[in-house]
1. May I ask you to list the residues in region 156-176 that are open to solvent by less than 40 Å² (accessible area, probe 1.4 Å) and either among the basic types (Lys, Arg) or in a helix (DSSP H, G or I) (or both)?
2. For the condition of a type in the set (Val, Ile, Thr) and open to solvent by 30 Å² or more (accessible area, probe 1.4 Å), what is the one hit in Thr245, Thr254, Thr240, Thr213?
3. Can you tell me which of (1) part of a strand (DSSP E or B); (2) closer than 30 Å to Leu57 by Cα is the one Leu302 doesn't meet?
4. Would you call Glu159 out of contact with any Lys or Arg (no Cβ under 8 Å at 6 or more places or on another chain), more than 28 Å from Ala289 (Cα to Cα) and modelled with pLDDT of 95 or more?
5. When only residues in region 26-43 that are surrounded by fewer than 10 Cβ atoms within 10 Å (Cβ to Cβ) and within 26 Å of Asp266 (Cβ to Cβ) count, which is modelled with the highest pLDDT?
6. Could you give every pair whose Cβ atoms fall below 7 Å, whose first residue belongs to region 32-50 and is without any contact (Cβ under 8 Å) to a residue 60 or more places away in the chain and in a loop (DSSP other than H, G, I, E, B), and whose second residue is of a type outside the set (Gly, Ala, Ser) and surrounded by fewer than 24 Cβ atoms within 10 Å (Cβ to Cβ), counting only separations of at least 6 or pairs across chains?
7. Can you say whether Tyr98 is under 20 Å from Leu224 (Cβ atoms) and either surrounded by fewer than 16 Cβ atoms within 10 Å (Cβ to Cβ) or at pLDDT 95 or above (or both), as far as the supplied structure shows?
Amino acid sequence: MRVSRTLLVAAIVVIVVVVGVLAYYALTPKAPYKITIYTGGTGGVYYPLGVKLADLLNKYAGDKITASASSSGASVANARALGSGDANLIFIQNDIAYYAYNGLYMFSGGKIEKIRGLVTLYPEIIQIIVRADSGIESISDLRGKRVAVGAAGSGTAVEAEIILKAAGVWDEITVQNLDFTQAAQALKLGQVDAAFVVAGIPTSAVMELAATTPINLVEIPDELLNTLKQQGYTFFVPHTVPKETYGLNKDVKTLAVRAMLAISSDVPDDIAYTILKVMFDHIDELKQAHSRAQDISIEKALDGLPIKLHPGAAKYYQDKGITIPSEIKP
């Protein structure tokens, strides 16, 4: 009888302790979830947008999220930082996100397992630049020519290779690995016949070239885009460069990749949801950070998104009535 009473007292003590612990945690507010945003160089677009996004999250979701933005080496470095856990929200071009997710090109040594899609932001235009007097009017005309395809190891170099292989001319050009500024100067001096530039328009290096040397852009037709899509390169989207750009005499149909936000799969669903809600609820404030943000809209949030969505992002878009393509559903 005495043993039973002792066990009863012990049980009551355990229950009281458990209830007390549960009550403590229920009444103690959770610390805000830490979001570390990796952006790009301080002179680019990613950095001011990332700083503003962090400000918005702290301002409107400070009870749930504490956010900070850091300058970085941009897309490739950001993907690796997300994989290592140094960052959990990153700015990145959608093509680089695709390579990271699938372990391709600069990520052939190992895919970034944690990377998930959140939202695409604005286009980065693929510009194939030639001198107006070059006689080059189509991609097939690049056969036998010297083509600047971007700095070695860059996203531009990879995109140029993918596009020119799909067009069947990659093995018939002389590749020159030059960055945007070097390529523009080489075009001006006649040292290359064409140059790939992937950037927002107007691109300063191209504007400086066009000020002294009349240029054209080579069209990338719909048929080539269809071929790229069939090959699995879903990150390309169509884009038209208006004729007033660089003094062109007509609109030029080309392609674009898109800047995007990617997020770690480790981030809880409600946090990913909240990031999108704050961003789109206060999009007018974000657009004040940089002119490129004018292109951000919820209607285009999934355009060119090439990797699986974070479940929290998927729920946000479903709540907004946006159809999610089956290939990117979590």
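The values are calculated or read from the model by the stated rules, or taken from the named source; none is laboratory data. Treat the numbers as computed from the prediction; the structure is a model and nothing was measured. Here Cβ is always computed from backbone atoms with ideal geometry, including for glycine, and neighbour counts include all displayed protein chains. To get the accessible areas, we keep the full protein, side chains included, count just its heavy atoms, and leave off ligands, DNA and RNA. Shrake-Rupley method; radii C 1.70, N 1.55, O 1.52, S 1.80 Å.
1. Thr156, Ala157, Val158, Glu159, Ala160, Ile162, Ile163, Leu164, Ala166
2. Working: Thr245 fails: open to solvent by 30 Å² or more (accessible area, probe 1.4 Å); Thr254 fails: open to solvent by 30 Å² or more (accessible area, probe 1.4 Å); Thr213 fails: open to solvent by 30 Å² or more (accessible area, probe 1.4 Å).
Result of the check over Thr245, Thr254, Thr240, Thr213: Thr240.
3. (1)
4. Numbers: out of contact with any Lys or Arg (no Cβ under 8 Å at 6 or more places or on another chain): yes; more than 28 Å from Ala289 (Cα to Cα): yes; modelled with pLDDT of 95 or more: no.
Criteria not met by Glu159.
5. We begin by selecting, within region 26-43, every residue surrounded by fewer than 10 Cβ atoms within 10 Å (Cβ to Cβ); these are 26-31, 43.
Within this subset, residues satisfying the condition of being within 26 Å of Asp266 (Cβ to Cβ) are 26, 28-31.
On the way: Ala26: 49, Thr28: 52, Pro29: 60, Lys30: 77, Ala31: 91.
For region 26-43, the residue satisfying everything is Ala31.
6. What qualifies is Pro32/Asp63; Pro32/Lys64; Pro32/Ile65; Pro32/Thr66; Thr39/Tyr47; Gly40/Tyr47; Gly41/Tyr47.
7. Values: under 20 Å from Leu224 (Cβ atoms): yes; either surrounded by fewer than 16 Cβ atoms within 10 Å (Cβ to Cβ) or at pLDDT 95 or above (or both): yes.
So Tyr98 fits the description; yes.
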